[in-house]
Amino acid sequence: MTSANPVQPDKTVLLDMYSKMSLIKHNDETARKLLMSGRLPMIYYSPRGQEVIPSAVSVNLRRDDYICTIYRGTHDMLAKGVPLDALWAELAGRATGTCKGKGGPMHITHPESGCMITTGIVGSSMPIANGLALASQIKGDGRVTVAYFGDAASNIGAFHEALNMASVWKLPVVFVCQNNRYGEHTKFEKATAVAKVSDRAASYSMPGIHVDGNDPLAMHAAAREAIERARAGEGPTLIEAVTFRFFGHVFGDADGYMDKDEKAAAMAADPVPRYRQWLMDQGHASEAELAAIDTGHESAIKAAVEKALAAPWPDPSELYKDVFTHELAPA
Amino acid sequence: MTSANPVQPDKTVLLDMYSKMSLIKHNDETARKLLMSGRLPMIYYSPRGQEVIPSAVSVNLRRDDYICTIYRGTHDMLAKGVPLDALWAELAGRATGTCKGKGGPMHITHPESGCMITTGIVGSSMPIANGLALASQIKGDGRVTVAYFGDAASNIGAFHEALNMASVWKLPVVFVCQNNRYGEHTKFEKATAVAKVSDRAASYSMPGIHVDGNDPLAMHAAAREAIERARAGEGPTLIEAVTFRFFGHVFGDADGYMDKDEKAAAMAADPVPRYRQWLMDQGHASEAELAAIDTGHESAIKAAVEKALAAPWPDPSELYKDVFTHELAPA
Amino acid sequence: MSKQITTLQAINEALHHAMESDPTVLLFGEDVADPEEGGVNGASKGLSTRFGDLRVRSTPISEQAIIGAAIGAAMAGMRPIAEIMLMNFMTVAMDMITNHAAKLRFMSGGQTAVPLTIRCTTGAGFGTAGQHADYLEAWFAHTPGLKVVTGATPAEVSGLLNACIFDDDPCIFIENLPAYWQKGEAPADPGARIPLGQARTVRDGGDVTVITYGPQVAVASAAAEQLAGEGIGVEVIDLRTIVPWDRDTVLNAVARTNRAVVTHEAVRAFGVGAEIASVIHEELFGQLRAPVQRVGAPSSAVPYSNPLEKAFMPDADKVIAAIRKTLN
Amino acid sequence: MSKQITTLQAINEALHHAMESDPTVLLFGEDVADPEEGGVNGASKGLSTRFGDLRVRSTPISEQAIIGAAIGAAMAGMRPIAEIMLMNFMTVAMDMITNHAAKLRFMSGGQTAVPLTIRCTTGAGFGTAGQHADYLEAWFAHTPGLKVVTGATPAEVSGLLNACIFDDDPCIFIENLPAYWQKGEAPADPGARIPLGQARTVRDGGDVTVITYGPQVAVASAAAEQLAGEGIGVEVIDLRTIVPWDRDTVLNAVARTNRAVVTHEAVRAFGVGAEIASVIHEELFGQLRAPVQRVGAPSSAVPYSNPLEKAFMPDADKVIAAIRKTLN
Ligand SMILES: Cc1ncc(C[n+]2csc(CCOP(=O)(O)OP(=O)(O)O)c2C)c(N)n1
Ligand SMILES: Cc1ncc(C[n+]2csc(CCOP(=O)(O)OP(=O)(O)O)c2C)c(N)n1
Ligand SMILES: [Mg+2]
Ligand SMILES: [Mg+2]
C-alpha cells in the first residue's frame, strides 16, 4: 500500500481508523440488507467504498470539533461518533431518533458528537460550515469545522462563495471533497471544467491537496495537515479525496450510466479489506484482533437496528413542535 | 503609452475606438450635470474612467453580437450602439425610451443593437450570457456574446456556475470583468481571495487574460483574441480589465471609503484624453478631427436629452402590458 | 377504453412530440441525456439520442446556470425546457427565476420574451422529508410574470406541458413525483395542448364546490365519492393553471353551490388557497352559506417519520371534514 | 415632546445597544464595517470601530455565504445579524434562508436553533425599478419556521429589531428604505423590545378596520385622517409581525367594526392580505357588513417611470376607495 505520508500514525490510531472503517462498512451492509428485505424502507445513499475518508479525517478531530455533511453521510457521521442507537432510530423514523424522527436519513443531526447538520441540498454544507468556524474564531475555542461534499458539488455557486469567504476571513475550516467520480448519473469530467477539484483552491489562495481517498495513510496525512493548519489559525484547506461509490447514487440505482470496468476495478480494490490485510501484514494487528473489532460492530449494529424497529413512533403533535421555540397551536 | 499588442489596428478602428470613448465620456458628463442640476433625478452609476474597455471590445464585435451588461453599463451600451435618443428617453422614464420607461437606468435593453439585458443583480449577466451563446452555438449563427461584470461580482456563485458551464459546453462567450478596484464601498483585496480575477480562469480550464483596461491597444488585442476564439468555436475566455471608477459607486457617493491618492492618480491618468493625445502624437488624427468627433457627440447628446425631457410619459395602463404576452385586466 | 400510460410516459411522449415538431425546443437539466439514463426517473429517455447533444444536455449541478442558460436561449428565440430536479432546488435559482425570467419582458418594455418552461417535481409521501418535497407554487404565483401550471392525470400533464412549452411566457410546470408511476388514459394526441387559464370540472355536484389542483384532485375526488354515498353532491374543480387561474369557472360554480373548499398539498398558511378563498368572498359575498374552507399542510417542514408525514399531508378525511364544515 | 430621530438612527442605536449588551451579537453584510462607511446608508456606522472586526464584518458579495455563515454561527450559540442590502437579493440566498435557516430546528428535532436576524431594506418610490424594490414578505410568511417582522416608525423599528435579535428563531426583519430618512419619536430606551406577535392599534375608529404594516401604516393613517373629516371612523392596526400575526387583536377589532380592509405595498395577488382576509371571513362569517377589501400593488414588476411607479404603489386614495367599498 503506497502512501505520500512520511510519518506514520501509531498503532492505536491505525486501529482506530480501521475500527471506523469497519463500522461504516458493516453499517452500510446492514442498511442495504434491510432495504432489500423491505424491513426498513427509506431513501438511502450508500457510502460504501468511501469509508477511508471520514475515518482518516475523524481520528484527527476532537469530539467537540464540528462536521457538516450531506445526504450521503452515514460514513461521515459514524466516523465522527454519532451513536448507532440514535442514528438507526432516526433512519427508522422513531421518536427515539437523533431528530425525533423528523429529519430522517438526509438530515441526521447530533451536536453532542459534533455533527451539526446533514443537508440534502448540494453545496449547502460549505457556507454553514463557515459559520460554525466563524463562531470558533470569535470564541477562540480552538475548534475546527470540516465540511464534507461531493465532486459535483464543486460546480455549484455555494462552493465558490464559501471557499472565497473562508479564505478572506482565514476561518478554521477544512473542505473535504469526496470525489467518487459521479454526481448522480453524470461523470465528473462531463460536468466539471477542471481536471482536479483541488486545483480550484488556487482561486481562493488556499492550499489544495489532491489525495487518494482510499489510502488511509495518505488520507490521514492530508487531513492532519489541513486540520492542524486550521487549528493553528492559518486558515482553510481544500482536500480532494479521490474515491468511488460502490452502489451508485441512491439505493435502487441501476448503474446503467456507469463504466462497468471502472466499477469492477474499484470494488476489486475495496479499501477496507485492503487496509485490514495491510494491518496484519505490517504486524499492527492480528486476524483475531481485527475480527473482534468487526464482530463488535456487527452486534452493536444489529442491536441498534432491533431497538430502533421496536421503538415508538413520534406523536402527530410533534408537527407543531420545534418549528419555533414556542409550540404552535394546531391549525 | 505601453501596449502588449504587436499588431496595431488600422486608423479607422483607432478612431472608432476614440469616438466611442468620447461618446461615453461626454454622455456621462451630461448625466452628472443633469443630476447635479436636479433636472433629471435618477439612480445613476457612472462609468467614467472605464471608457476604454467596452470601446475596445465593441470595435471587435458585429452589430448582431450580443452583450449582457449591468447597472453600471451606459458605457457598454453606447459602445455597442444603443441609440442616444432611446437611451435618454428611458433614463427619463418616457414612453419613447428603449423600454417604454418601464425598465429605467438599471434595465436598459435594446436587442437591435445587441444589448439583450442590463441587470441590477450582481453576477446575473453571466448565466444569461451563456444562454444567448448557447442559442448561437445551436443555430450556428456565428454570433459571440460578451458578459460584462465587475470585480466584486467574481465572488458570487453565479460567476462560478456560469464559467464552469461555458467551458464544459465550449460556448461562444467572453467574460469581461471590469476591475475598478471596488465593489460598492469595499476594496477588491478585502473581499476577493485571489490577486487576479483572471487567475480564476484556471478553475474552468479557460484562458484568463489580465490586461490594463485603460490601455486601448492592449485592451483591443485582448478583446480581439477572446472574441476570435469564441467565434471560431474554441470556447470562452475570461478577461480581467483593470480600470478605475472616477465617481464612486453611485451618484452622490461620498468616496469616504476610498484611497484618495489612488483616486487622484487614476484621474490624473484619465484614459480618454491620454488616448486622444496619443492619436495626435502618432499622427493618426489631428486636433480638428478629434474635436469634430467630440463636438458631434456633444450636440447629439444634448439633442437626445432635450428630446427625452420633452417626450410623453407612459400611460398608467402600461402597468398591465408586457407582464405577459396578453394584456392583463386592471385589478 | 383507450390506452393507459403512466405520467412519466406521458411526459416523455409530450417531450418527444414537442422536440420533433419544433427545432427550437431544447431540454436541459441534471442527468437528462441518455448517457445519464435520460433523467433519474427516465422522464427524458431517448431524447438526446433522437435529437442530439446540442438540443438535449445533461448539465453540471448549477441551477443558476441552468436557468440562466434557459433564459438567454429563450431571449434568442429558442423554447428551452429547463428541468430542476426537485422544486426545493428552485431556491438556488430563485434570482434567475423571479428577478429575471419573470420580469424581463416587462422591464424591457416587451422587447425581449422568455418562452421558457421550468419543469420540476415535488410532493410528499416518499419519506424524502424537509428539503425534497415542498410545494412552493404560492411563491411563484405571487411573482408577476410567471405562469404556474400543474396537471392531475397523464393526459392532463401531457396537454398542459405542451401548452407551456409553446406558450410565449415563462411557465413553472410542477410535476407530482408520486404520480409519476400512476397510470391513466393516454392523451388522444401527444401533441394536444390544453389552453392555459381554463379550469376543468372533474366531477359535478350540487352541494359544495371543491377547488384544487395537482395531486389533491385525486384526494378531493375520493372525498367526493365517499360523500356521494351520504347523498352529498360535491363538485370538484381542477384549476390546472394557478396563474392565470380561471375565475369564471370557479365563481360560476360556487355561485351555484354557495359553498366552497380549497385544498392543496402546500402549507395552508399564506398559500394559494388564501387568494382563491378571498376572491370568492369578494365576488360572492352574501351568497355563501358558509365561509370558504381552506385545506393544506400544517406550518412545519415536511416531516420524515411515516406517521408524521401522513398527518402532514392533506388527505380525503381532512377534505371531508372541511366540506362538512361548509354544510353545518 | 421627546427626541426626534430618523429610522436610520433608531436602527444604528438599537444595533449599538444590542452589541453592547450581548457579546454573542454579530453583524455582517456588504459594506457594514466602518472602513466601508458602516453600510451604504450608514445604518451600522460606528459598530466595527466600537466592537471590532471579529464581530462586525464587511463581506464579499456572496449572499449565500453571508446567510450560511450566519446560520452556522447561530447554531454555535451566536446571535448573528446578517444584512442583505435589498430584499430582492434574498433570492440568491433563498436556499440558505428557506431550506436551512427556517427548517433546521424542526429537522433536527429541536437540537439546533438558529437565532438569526436577517435585515433587509426595500420599497418603491425611489425609481430603483424592477429588481430593487420588491416586498417579498409573502414568500417568507409561507415558509414555516421563519418569523417576519417590520416596523412603521423609528421607535417601532428599534423595539422590533431588538426583539428579533434576541429571539431564538430566525427572523426576517424588513426595513422600508424610503423611511430611513423619516423622523419620529425616539424610543424611550434603545434596548426596549416590542414583543413579537402583538399588533398595535395606531388609531381608533368605529366604522372600518384597516389592517396593515410597514410603510402602509402611514398611508392608511392618512386615509383615515381624510375620512375622519367626513365623519367616517377608521381604525388602523399595524400588524408589526406578519408571522406570527396577532389574530386576536385583528379579529376583536373587526368584530366591533364588521368591516375590514387589508393593505400592503406588496403585489396584491397571492399576498399576505389574502391570508388575513381569509381568516377574517372564516372567523367572522355572518358578522361582516361587506367582504374584506384587499389593497396592494398590481401584478407587474415595479416600474421605473415616475407616473407608473406612482400608479403602482398603493396610496391613500386607493385605501380610501377600498374603505368606501366596505361602506356601501
Ligand atoms: C441544489 C441541488 N441540486 C440538485 C440536487 C439533486 N442531487 C442530489 S445528490 C446529487 C449529486 C451530487 O453529486 P456529488 O456532489 O458528486 O456527491 P455524491 O452524491 O457523489 O456523493 C444531485 C444532483 C440537490 N440535492 N441539490
Ligand atoms: C446579488 C446582489 N448583491 C448585492 C447587490 C448590491 N450591489 C450593487 S452593485 C454592488 C457592487 C458590485 O461591485 P462590482 O461587481 O465590482 O461592480 P462595480 O459596481 O464596481 O462596477 C453591490 C454589492 C446587488 N445588486 N446584487
Ligand atoms: Mg460524486
Ligand atoms: Mg468594482
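The values are calculated or read from the model by the stated rules, or taken from the named source; none is laboratory data. What you see is a predicted model; the values in this text were computed from it and never measured. Cβ placement follows ideal geometry from the backbone for every residue including glycine, while neighbour counts extend to all protein chains displayed.
Does B:G97 fit the bill of being buried (at least 24 other Cβ atoms within 10 Å of the Cβ), within 14 Å of chain A (Cβ to nearest Cβ) and not in a helix (DSSP H, G or I)?
Details: buried (at least 24 other Cβ atoms within 10 Å of the Cβ): yes; within 14 Å of chain A (Cβ to nearest Cβ): no; not in a helix (DSSP H, G or I): yes.
Taking the combined requirement at face value, the residue does not satisfy it.
Take the residues in the stretch D:270-287 that are touching a Phe, Trp or Tyr at 6+ places or on another chain (Cβ under 8 Å) and of a type outside the set (D, E, K, R), then tell me which one is farthest from the other protein chains (Cβ to nearest Cβ).
Taking the stretch D:270-287 first, the residues touching a Phe, Trp or Tyr at 6+ places or on another chain (Cβ under 8 Å) are D:272, D:274-276.
Retained after the next criterion (residues that are of a type outside the set (D, E, K, R)): D:272, D:274, D:276.
Working: D:V272: 7, D:A274: 4, D:I276: 9 Å.
Among residues in the stretch D:270-287 that are touching a Phe, Trp or Tyr at 6+ places or on another chain (Cβ under 8 Å) and of a type outside the set (D, E, K, R), the one farthest from the other protein chains (Cβ to nearest Cβ) is D:I276.
For the list (1) modelled with pLDDT of 95 or more; (2) more than 16 Å from ligand 4 (Cβ to nearest atom), I need the number of the one condition that B:A254 fails.
With (1) modelled with pLDDT of 95 or more; (2) more than 16 Å from ligand 4 (Cβ to nearest atom) applied to B:A254, the lone miss is (1).
Which condition number in (1) within 16 Å of ligand 4 (Cβ to nearest atom); (2) within 17 Å of D:I118 (Cβ to Cβ); (3) at the interface with another protein chain (Cβ under 7 Å from one of its Cβ atoms) is the one that D:M85 fails?
Result: D:M85 passes all but (3).
Out of all the residues in the stretch D:59-77, is one or more more than 14 Å from chain A (Cβ to nearest Cβ), surrounded by fewer than 19 Cβ atoms within 10 Å (Cβ to Cβ), modelled with pLDDT of 95 or more and out of contact with any Pro (no Cβ under 7 Å at 6 or more places or on another chain)? Break it down stepwise before answering.
Of the residues in the stretch D:59-77, the ones more than 14 Å from chain A (Cβ to nearest Cβ) are none.
There is no residue in the stretch D:59-77 that is more than 14 Å from chain A (Cβ to nearest Cβ), surrounded by fewer than 19 Cβ atoms within 10 Å (Cβ to Cβ), modelled with pLDDT of 95 or more and out of contact with any Pro (no Cβ under 7 Å at 6 or more places or on another chain).
Against the definition (more than 15 Å from ligand 3 (Cβ to nearest atom), part of a helix (DSSP H, G or I) and more than 18 Å from A:S58 (Cβ to Cβ)), how does A:I138 come out, yes or no? Steps first, answer last, please.
Numbers: more than 15 Å from ligand 3 (Cβ to nearest atom): yes; part of a helix (DSSP H, G or I): yes; more than 18 Å from A:S58 (Cβ to Cβ): yes.
The answer is yes for A:I138.
Listed residues C:A74, C:A43; which is assigned by TED's automatic domain parsing to the domain that holds C:G110, in contact (Cβ under 8 Å) with a residue 40 or more places away in the chain and not in a loop (DSSP other than H, G, I, E, B)?
On the way: C:A43 fails: not in a loop (DSSP other than H, G, I, E, B).
After applying the criteria, what remains is C:A74.
Out of all the residues in the stretch D:33-42, is one or more surrounded by 24 or more Cβ atoms within 10 Å (Cβ to Cβ) and over 19 Å from B:T186 (Cα atoms)?
No, the stretch D:33-42 has no match at all.
Could you tell me which numbered condition B:I43 fails, if it satisfies all but one of (1) β-branched (V, I, T); (2) within 15 Å of the chain's Cα centre (by Cα); (3) under 17 Å from D:L308 (Cα atoms)?
Just one mismatch for B:I43, condition (2).
Got a sec? Which helices (runs of 4 or more DSSP H) wholly within the stretch A:152-271 have at least 2 residues that are touching a strand residue (DSSP E or B) at 6+ places or on another chain (Cβ under 9 Å), away from ligand 3 (no atom under 16 Å from the Cβ) and within 14 Å of chain B (Cβ to nearest Cβ)? First the steps, then the outcome.
Working: elements: A:157-168, A:188-191, A:216-231, A:260-268.
Because the criterion is at least 2 residues that are touching a strand residue (DSSP E or B) at 6+ places or on another chain (Cβ under 9 Å), away from ligand 3 (no atom under 16 Å from the Cβ) and within 14 Å of chain B (Cβ to nearest Cβ), the helices (runs of 4 or more DSSP H) in the stretch A:152-271 that meet it are A:157-168.
Taking the criterion of being more than 8 Å from chain C (Cβ to nearest Cβ), buried (at least 24 other Cβ atoms within 10 Å of the Cβ), more than 14 Å from the chain's Cα centre (by Cα) and not in a strand (DSSP E or B), would at least one residue in the stretch B:71-79 satisfy it?
no
Can you confirm whether C:T150 is facing another protein chain (nearest Cβ under 10 Å), closer than 30 Å to D:T98 by Cα and surrounded by 22 or more Cβ atoms within 10 Å (Cβ to Cβ)? Before you say what the answer is, go through the steps one by one.
Details: facing another protein chain (nearest Cβ under 10 Å): no; closer than 30 Å to D:T98 by Cα: yes; surrounded by 22 or more Cβ atoms within 10 Å (Cβ to Cβ): yes.
Taking the combined requirement at face value, the residue does not satisfy it.
If you take just the strands (runs of 3 or more DSSP E) that sit entirely in the stretch C:89-195, which of them hold at least 3 residues that are among the hydrophobic types (A, V, I, L, M, F, W, C) and at pLDDT 95 or above? Full working, then the answer.
Values: elements: C:117-122, C:147-150, C:171-176, C:183-185.
Where strands (runs of 3 or more DSSP E) fall fully within the stretch C:89-195 and carry at least 3 residues being among the hydrophobic types (A, V, I, L, M, F, W, C) and at pLDDT 95 or above, they are C:171-176.
Could you pull out the residue among D:V261, D:V267 that is out of contact with any Leu (no Cβ under 9 Å at 6 or more places or on another chain) and more than 8 Å from chain C (Cβ to nearest Cβ)?
Working: D:V267 fails: more than 8 Å from chain C (Cβ to nearest Cβ).
After applying the criteria, what remains is D:V261.
Does A:A303 satisfy the condition of being small (G, A, S), surrounded by 13 or more Cβ atoms within 10 Å (Cβ to Cβ) and under 25 Å from the mean Cα position of the chain (by Cα)? Explain how you work it out, then say what you get.
Values: small (G, A, S): yes; surrounded by 13 or more Cβ atoms within 10 Å (Cβ to Cβ): yes; under 25 Å from the mean Cα position of the chain (by Cα): yes.
Against the criterion (small (G, A, S), surrounded by 13 or more Cβ atoms within 10 Å (Cβ to Cβ) and under 25 Å from the mean Cα position of the chain (by Cα)), A:A303 qualifies.
Let's see how each residue does on (1) under 17 Å from A:A89 (Cβ atoms); (2) part of a loop (DSSP other than H, G, I, E, B); (3) of a type in the set (S, T, Y):
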| site | (1), (2), (3) |
| --- | --- |
| A:M280 | no, no, no |
| A:H284 | no, yes, no |
| A:L290 | no, no, no |
| A:I293 | no, no, no |
| A:S299 | no, no, yes |
| A:P330 | no, yes, no |
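Please report, ordered by residue number, the strands (runs of 3 or more DSSP E) entirely within the stretch D:220-328 with at least 3 residues that are closer than 30 Å to B:I108 by Cβ and touching a helix residue (DSSP H, G or I) at 6+ places or on another chain (Cβ under 9 Å).
Details: elements: D:234-238, D:241-243, D:260-267, D:293-297.
In the stretch D:220-328, the matching strands (runs of 3 or more DSSP E) lie at D:260-267.
From (1) within 20 Å of A:T192 (Cβ to Cβ); (2) not in a helix (DSSP H, G or I), pick out the condition that doesn't hold for C:I67.
(2)
For every residue, the table says whether it meets (1) facing another protein chain (nearest Cβ under 8 Å); (2) farther than 20 Å from B:A304 by Cβ; (3) assigned to a helix (DSSP H, G or I).
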| residue | (1), (2), (3) |
| --- | --- |
| B:D85 | no, no, yes |
| B:A89 | no, no, yes |
| B:G103 | yes, no, no |
| B:E112 | no, no, yes |
| B:M116 | yes, yes, no |
| B:G123 | yes, yes, no |
| B:M126 | yes, yes, yes |
| B:A129 | yes, yes, yes |
